[in-house]
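Undergrad: Before we start, here is the structure in question, set down as structure tokens.
The values are calculated or read from the model by the stated rules, or taken from the named source; none is laboratory data. As the structure is a computational prediction, the values presented were derived from the model and not from experiment. When we count neighbours, we look across all protein chains shown, and the Cβ atoms used for this are built from the backbone with ideal geometry, even at glycine.
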Amino acid sequence: MRAMAAAGSVTVALHVAEVLETIVSGCLGPEGRQVLCTKPTGEVLLSRDGGCLLKALHLEHPIARVMVACVSSHLRKTGDGAKTFIVFLCHLLRGLREITDKEKDSFLFENIQTCGRHWKNCCRWKFISQAFLTFQTQILDYVMDHYLSRHFLSIFSSCTKERTLCRSSLEMLLGAYFCGRVGRNNHNLISQLMCDYVFKCTACESRFEEVLEIVDDCFVELKVGVTGLPVSDSRIIAGLVLQRDFSVYCPADGDIRIVIVTETIQPLFSIPGSEFTLNSEAQFQTSQFWITERTKAIVKHLQNQNVKLLLSTVKQPDLVIYCAGLNGISVVECLSSEELSLIQRVIGLAPFVLPEASSQYELSHTALAKFCKPLILRSKRFVHLGLMSTCSFAPHCIALCGPVQGLVEQHENALHGAFKMLRQAFKDLDLNCVTQTSDQSCTSGPCIYKNSRESNELPKIVNSSIQRSYQDTVVKNKGELAKTQTNLKVCSNLIVPSVKLEQNVLCSTPKVAVTDSYQTDETLRCSSPNKGRIMDDHEPFIESNSANSKPENTRRGISYENLQVTKLARKDSILPLRYKSLETCTSQSYYSSSIPAGCVLPVGGNFEILLHYYLLNYAKKCQQSEQTMVSRIIANAILGVPKILYKSKKGNYSFPQVYVRALQALQTNQPMISNQTGLESVASKYQLLTSVLQCLTNILTVDLVINIKRQPQEVYDQDSEEEL
Amino acid sequence: MSRLEAKKPSICRSDPLTGERARASLAALKGLVTSCYGPAGRLKQLHNGRGGSVVTTSQSAALLAGLPVSHPVLKVLTAAVRNHVACFSDGGLFTAILCCNLVENVQRLGLAPTTVIKLNKHLLSLCTSYLKSEGCACRIPVDFSSTQILLSLVRSILTSKPACMLIAKEVDHISTLILRAFLLTIPENAQEHIILGKSIIVPLKGQRVIDSAVLPGILIEVSGVQLMKILPIKKSDSFKVALFCVSLSGDLSDTGEGTLLVSYGVSLENAALDQLFNLGKQLVSDHVDLVLCQKVIHPSLKQFLRTHHVIAVDRIGVSLMEPLSKVTGTWPIGSLGSISPSSYGSVKDLCIAKFGCKHFFHLIPNKTTICSLLLCNRNDTAWDELKLTCQTALHALQLTIKDPYVLLGGGCTETHLVAYIRHKTRNEPESVLRDERCSQTELQLITEAFCSALESLAGSLEHDGGEILTDSKYGHFWSVQANLPSAVNWPDLPSRCGCGLYSSQEELSWSFLRSARHPFPPQTCLSREATGSADTLTLDCFTAKLSGLQVAVETASLILDLSCVIEDTN
């Protein structure tokens, strides 16, 4: 075992991040290029997917490995943003180093002893990381909710109760996504293909979320890769394509009845764990005769029930195939369990259980298909099924063509990622803005009570903004607040285990303090189910941040007292909805806040510039020095992404020009004009930000990396506190 | 025991195309494929020092399959070509050369990849929409009432593969055979969906090419020993056939996962044999004349069948099962128990034929779309090449039936396209410049790169140092012999253009292919009489060439778009 002192871990981390940045920034944005990965098996894979590249690098450096692990856990959650992650992290580290360099100069003479300096460094890093964490859990959400939310656009075409997808905005969202994911000459085609696919698969417009869920879960079964054809030959195929050929194909017209079996139809001599004793040759012959007759009887029975297609998860013996062919039943064998589960989800069909006595058995488990025929793609034969769907998903498949397998795979991955991204974009995302300050004391139940009382007194940070809004609001509001406070009192007396609550929390909550703040948050939101979605839209597209767009958030295990609270709370939370426009925003944030489903912003660094602007504003008002510093660092670092995006642009479209114009627009309260078409989801951007900040705190808190030469046996942690 | 080893970090290289190594390997590949192209292409001999057979070829399918490629960029290129060949059989070298040319030409320009890719895509769409348009002058609609065009297409494919080692007479013979074999696979009474049959290529090596033949029905090879056991075939107008897909060897079928306990003295073999004899009795009582089995027939059953004048042939193999069941109209029998009478089929005639030194059992069907192409060539390598060529030709014919057009071959399509693109981008550049946001110069440069890639592709048909000319009326390809005496006025020499459509009797003005010229509008709309007059044209498969063009440009864009290569060295 060897201890490797990681003095100045920021510098080291920055070096690592810079190397990764140079690789990744080449593929970032619409101008990004492709990367070719070769595998040891000789295959080649083309990719612009950050996660894929980082994995292919097989990095050895410990900090790099931490970063890659953070990126992949972020990707698992959202399916997008790996490249931006690295770029942003790199800029954050750069910002941190600049600050420390300055400090070093001034403190140089005080810390002459190197050992002592190292420890001081570590302490300071810990302190800074603490500040970052505070920022991530509190200030970020506050800024998002109070300032940025007024700029959000919605992807839904109308803000009524029924969410309907708007085709043009979906096209813009997907277009922007694929710009960063697939080659430049194909992204239009792929995003058009995906858009068509989503609309073709959605049988019922309001239930598109269900469709996205099925497609995301079963994407592997819903695509067919075809190599050797130009990409432009990719198309959508109506129905389901199974990647195997018929064992027997009997052409049939009209509706086709389907049966699924999971075992061989032909009975076997013996089942596992049993013993079959043969005493004479005659016995052998009779048992074989019986087997044959029974198989025939079952197949005949299926034919009598007008079954035309037999889907089997296992290989059926020759006899079954022969009998099925004679009786005009097509057979598809060896379906994978994934294919089976997809088919079952689409047609809601349970497998056929072999009857004990075949004569009197009514077949209940059948479904219908419109057609069932062989499909030839690139001289390979597939089974093509036109299932009649019983759910909101109308089955369609995508045939993806490309000259090389690597490109087809890239498109497959990009499409799969896009479905993941859409699923995320159509989910509400909770922000925690209830607690405003003093996280140190907020550790147990009673503290929430204290906290909320504090909020009545309006702590320093929110002081300026909220107090103003208070003066504007009607006096009634104050009365409501008092009521809320009583609610919170009740709430804090409840013994609700926080573990249970965490199940409801969507964002990850790394600190106890945050969980507690959710406690109030959640309890209060319990009131919302009855209200449904009420969205007050004054300007088309711009949605005020309503707390009520999350009706499905009923909580498990509400105690009796809790119900009382709910009743009380309901009255309160309906109230703010009567207010209009921005006042609603401020008063609502006391109850709960979230990024509503389908919130988007135009691409091209809009989100970054907005956040940059508001963070700087916030930093100016903020009194605590470390919060100011952290906000400044983040505000500056976040501009790194648009800087790369605009790198190749010249003249009026260069980054400084765009930036200045955007700031001017913000200062004069005019809408920001974006010269790019395309949208991106706010929720994914927000999640990216939090993931990066978590990764950063992760890196900063490590003071020592211990290099172990042994074979890895168990999961080891790098916590070196006990070692020293 | 496997050793657990930590993965080595990958090697990451940026800008994979600028290095000397990349340029050299790309040039090597280009030289390789260019020298194989066309009827005058040079042959390549692939041999592995560790053993295996030596392959002499000039086809991309055989060449790239045996060629180890180490550079990752070339891996992409060869994979694209091989996938194209797997889809269309034809046009592999065309795709490879065009892709290499494009990458090389664009690389030399040093423009931003974004612009290059955008404009290349635009030029490609210009080409494809022209080739698909009615006014296209390098596309001929196929007239199915005569065999002329189809025969020309097959001939062109055969002559472009010099490794088949055929002389002119043999080319004629083989191309008629291929066309006949193809025509036999078309069903007589076609509905809206034509389901083509199959031509089975039967190898007969060591014979003269002229001995090749096409026979309707299926040939099953039988050994001499087997032949002696087959009885003289009685005359009849129809033979009843049973086709088995289960083994008739008397072995036990799957008995399940549990244990099977057999008492002492019980012989399952006898029981199984009894079952087989029962089956035999049923076959005899059903008056079956011929029993075919995919797997093995037990000798006792064979003997039994022979004594009852039933012909039994076993070990047919899975590849012949589907055509056999089609030819005879049987349903492959998967049961040893009772057989449904509906699963029997029939053939019109049976005979034993001898070709070369091989004996075949010939099943002549009543009416089906299966035929056998008995292919002969002198040696193994040439036979392999010929077989591949025949498959290519049959596939090209199938594609032509789907999309009934052919393209002019012999380099004429390429030079004509070049003339069209040059003219189009020079005279109507406004739409491009507006849509793609690029400058006039960029468009000019990339059009030039694209066109010269196509021109040098056409130029690589010439391997003997000749000069290549193009006319300024049709934009066709004309080649002149090398080493001409300087006194001769060379434009008088070419008698026919590359595809053979136009002759030099017309008043045409020529210029060198790769020389600076003023863009001219090539004459569009092919006249009917022009296609009718020429008897032997050089033609290319439309679908394969169009897709090859698209794949080549797409792959080139892909390669040019690479910013770095990550090589996993584990």
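Undergrad: Assess whether A:Thr292 counts as being within 11 Å of chain B (Cβ to nearest Cβ) and either within 36 Å of the chain's Cα centre (by Cα) or surrounded by fewer than 15 Cβ atoms within 10 Å (Cβ to Cβ) (or both). Let's see the steps before the verdict.
TA: Working: within 11 Å of chain B (Cβ to nearest Cβ): yes; either within 36 Å of the chain's Cα centre (by Cα) or surrounded by fewer than 15 Cβ atoms within 10 Å (Cβ to Cβ) (or both): no.
So A:Thr292 does not fit the description; no.
Undergrad: State which residue is modelled with the highest pLDDT when the search covers only segment A:678-713 and only residues that are part of a loop (DSSP other than H, G, I, E, B) and within 14 Å of another protein chain (Cβ to nearest Cβ).
TA: A:Ile708
Undergrad: Hey, any hits in segment A:280-298 for a residue that's within 25 Å of B:Pro332 (Cβ to Cβ), touching a residue at least 40 places away in the same chain (Cβ under 8 Å), out of contact with any His (no Cβ under 8 Å at 6 or more places or on another chain) and β-branched (Val, Ile, Thr)?
TA: Scanning segment A:280-298, I find at least one residue that is within 25 Å of B:Pro332 (Cβ to Cβ), touching a residue at least 40 places away in the same chain (Cβ under 8 Å), out of contact with any His (no Cβ under 8 Å at 6 or more places or on another chain) and β-branched (Val, Ile, Thr), so the answer is yes.
Undergrad: What number of residues in segment B:540-561 are facing chain A (nearest Cβ under 7 Å) and surrounded by 24 or more Cβ atoms within 10 Å (Cβ to Cβ)?
TA: Residues that pass the stated criteria total 6.
Undergrad: Kindly provide the set of residues from segment B:332-362 that are more than 14 Å from chain A (Cβ to nearest Cβ), in contact with a Ser or Thr (Cβ under 7 Å, 6 or more places away or on another chain) and in a strand (DSSP E or B), ordered by number.
TA: B:Ser346, B:Val347 - these are the residues of segment B:332-362 that are more than 14 Å from chain A (Cβ to nearest Cβ), in contact with a Ser or Thr (Cβ under 7 Å, 6 or more places away or on another chain) and in a strand (DSSP E or B).
Undergrad: Right, here's the next one. Applying the selection to segment B:215-248, what residues are among the polar types (S, T, N, Q) and within 14 Å of chain A (Cβ to nearest Cβ)?
TA: B:Ser247
Undergrad: Based on this model, can you work out whether B:Val288 counts as within 14 Å of chain A (Cβ to nearest Cβ), of a type in the set (A, V, I, L, M, F, W, C), within 41 Å of the chain's Cα centre (by Cα) and buried (at least 18 other Cβ atoms within 10 Å of the Cβ)?
TA: no
Undergrad: Every residue in segment B:117-142 that is surrounded by fewer than 18 Cβ atoms within 10 Å (Cβ to Cβ) and either closer than 19 Å to B:Leu433 by Cα or within 12 Å of chain A (Cβ to nearest Cβ) (or both), please.
TA: Hits for segment B:117-142 are B:Ser125, B:Thr128, B:Ser129.
Undergrad: Could you please find all residues in segment A:173-216 being of a type in the set (A, V, I, L, M, F, W, C) and within 13 Å of A:Ala414 (Cα to Cα)? Break it down stepwise before answering.
TA: In the first step, residues of segment A:173-216 are kept if they are of a type in the set (A, V, I, L, M, F, W, C); the result is A:173-174, A:176, A:178-179, A:182, A:189-190, A:193-195, A:198-199, A:201, A:203-204, A:208, A:211-212, A:214-215.
Selection gives A:Leu174, A:Ala176, A:Phe178, A:Cys179, A:Val182, A:Leu189, A:Ile190, A:Leu193, A:Met194.
Undergrad: How do the strands (runs of 3 or more DSSP E) wholly within segment B:1-100 filter down when requiring 2 or more residues that are surrounded by 13 or more Cβ atoms within 10 Å (Cβ to Cβ), touching a residue at least 40 places away in the same chain (Cβ under 8 Å) and more than 22 Å from the chain's Cα centre (by Cα): which remain?
TA: Those strands (runs of 3 or more DSSP E) span B:11-14.
Undergrad: Touching a residue at least 12 places away in the same chain (Cβ under 8 Å), within 12 Å of B:Leu336 (Cβ to Cβ) and more than 7 Å from chain A (Cβ to nearest Cβ): which single residue out of B:Gln275, B:Gln294, B:Gln282 fits that description?
TA: B:Gln282
Undergrad: Let me ask another. Confirm whether B:Leu204 is touching a Lys or Arg at 6+ places or on another chain (Cβ under 7 Å), outside any helix (DSSP H, G or I) and in contact (Cβ under 8 Å) with a residue 12 or more places away in the chain.
TA: Yes, satisfied.
Undergrad: Right, another one. Working only within segment A:1-49, note down all residues that are under 22 Å from A:Ile699 (Cα atoms), modelled with pLDDT under 85 and among the small types (Gly, Ala, Ser).
TA: Scanning segment A:1-49 gives A:Ala3, A:Ala5, A:Ala6, A:Ala7, A:Gly8, A:Ser9, A:Ser25.
Undergrad: So if I check each of B:Val313, B:Val318, B:Val296, which one is of a type in the set (Val, Ile, Thr) and under 30 Å from A:Ser280 (Cβ atoms)?
TA: B:Val296
Undergrad: Checking the conditions here, which among B:Val318, B:Val310, B:Val347 is without any contact (Cβ under 8 Å) to a residue 40 or more places away in the chain, under 18 Å from B:Leu219 (Cβ atoms) and of a type in the set (Val, Ile, Thr)?
TA: Details: B:Val310 fails: under 18 Å from B:Leu219 (Cβ atoms); B:Val347 fails: without any contact (Cβ under 8 Å) to a residue 40 or more places away in the chain.
Every option except B:Val318 fails the conditions.
Undergrad: Look at segment A:211-245 and say how many of its residues are part of a loop (DSSP other than H, G, I, E, B), surrounded by fewer than 19 Cβ atoms within 10 Å (Cβ to Cβ) and within 14 Å of another protein chain (Cβ to nearest Cβ).
TA: Qualifying residue count for the region: 1.
Undergrad: Anything in segment A:33-84 that is part of a loop (DSSP other than H, G, I, E, B), more than 7 Å from chain B (Cβ to nearest Cβ) and free of Cβ contacts under 8 Å to residues at least 40 places away in the same chain? List them, or say none.
TA: Scanning segment A:33-84 gives A:Thr41, A:Gly42.
Undergrad: Taking only segment B:183-194 into account, find how many residues are within 20 Å of B:Val214 (Cα to Cα) and in a loop (DSSP other than H, G, I, E, B).
TA: Summing the residues that are within 20 Å of B:Val214 (Cα to Cα) and in a loop (DSSP other than H, G, I, E, B) in segment B:183-194 gives 4.
Undergrad: Then there's this: One residue is enough: does segment B:51-62 have a residue meeting the conditions out of contact with any helix residue (DSSP H, G or I) (no Cβ under 8 Å at 6 or more places or on another chain) and not aliphatic (A, V, I, L, M)?
TA: Looking through segment B:51-62, at least one residue is out of contact with any helix residue (DSSP H, G or I) (no Cβ under 8 Å at 6 or more places or on another chain) and not aliphatic (A, V, I, L, M).
Undergrad: Checking A:Ala252 against (1) touching a helix residue (DSSP H, G or I) at 6+ places or on another chain (Cβ under 8 Å); (2) assigned to a loop (DSSP other than H, G, I, E, B); (3) among the hydrophobic types (A, V, I, L, M, F, W, C), which test does it fail?
TA: For A:Ala252, the failing item is (1).
Undergrad: On to the next question. Check whether at least one residue in segment B:242-256 is under 16 Å from B:Phe304 (Cβ atoms) and out of contact with any strand residue (DSSP E or B) (no Cβ under 8 Å at 6 or more places or on another chain), and report yes or no.
TA: Yes, there is a match, as at least one residue in segment B:242-256 is under 16 Å from B:Phe304 (Cβ atoms) and out of contact with any strand residue (DSSP E or B) (no Cβ under 8 Å at 6 or more places or on another chain).
Undergrad: With respect to the numbered conditions (1) in contact with a strand residue (DSSP E or B) (Cβ under 6 Å, 6 or more places away or on another chain); (2) at pLDDT 90 or above, which one is the sole condition not fulfilled by A:Leu278?
TA: Condition (2) is where A:Leu278 drops out.
Undergrad: So, one more: Inside segment A:254-286, can you point out the residues that are within 14 Å of chain B (Cβ to nearest Cβ) and closer than 27 Å to A:Arg345 by Cβ?
TA: A:Glu263, A:Thr264, A:Ile265
Undergrad: On to the next question. Within the bounds of segment A:306-313, is there any residue that is more than 10 Å from chain B (Cβ to nearest Cβ), within 30 Å of B:His122 (Cα to Cα), touching a residue at least 60 places away in the same chain (Cβ under 8 Å) and of a type in the set (Lys, Arg)?
TA: no
Undergrad: Please go through segment A:314-339 and give me each residue that is away from every other protein chain (no Cβ under 14 Å), touching a strand residue (DSSP E or B) at 6+ places or on another chain (Cβ under 7 Å) and part of a helix (DSSP H, G or I), ordered by number.
TA: Hit for segment A:314-339 is A:Glu339, nothing else.
Undergrad: In addition: Can you name the condition, by its number, that B:Lys326 falls short on among (1) at pLDDT 90 or above; (2) within 21 Å of A:Asp318 (Cα to Cα); (3) basic (Lys, Arg)?
TA: (1)
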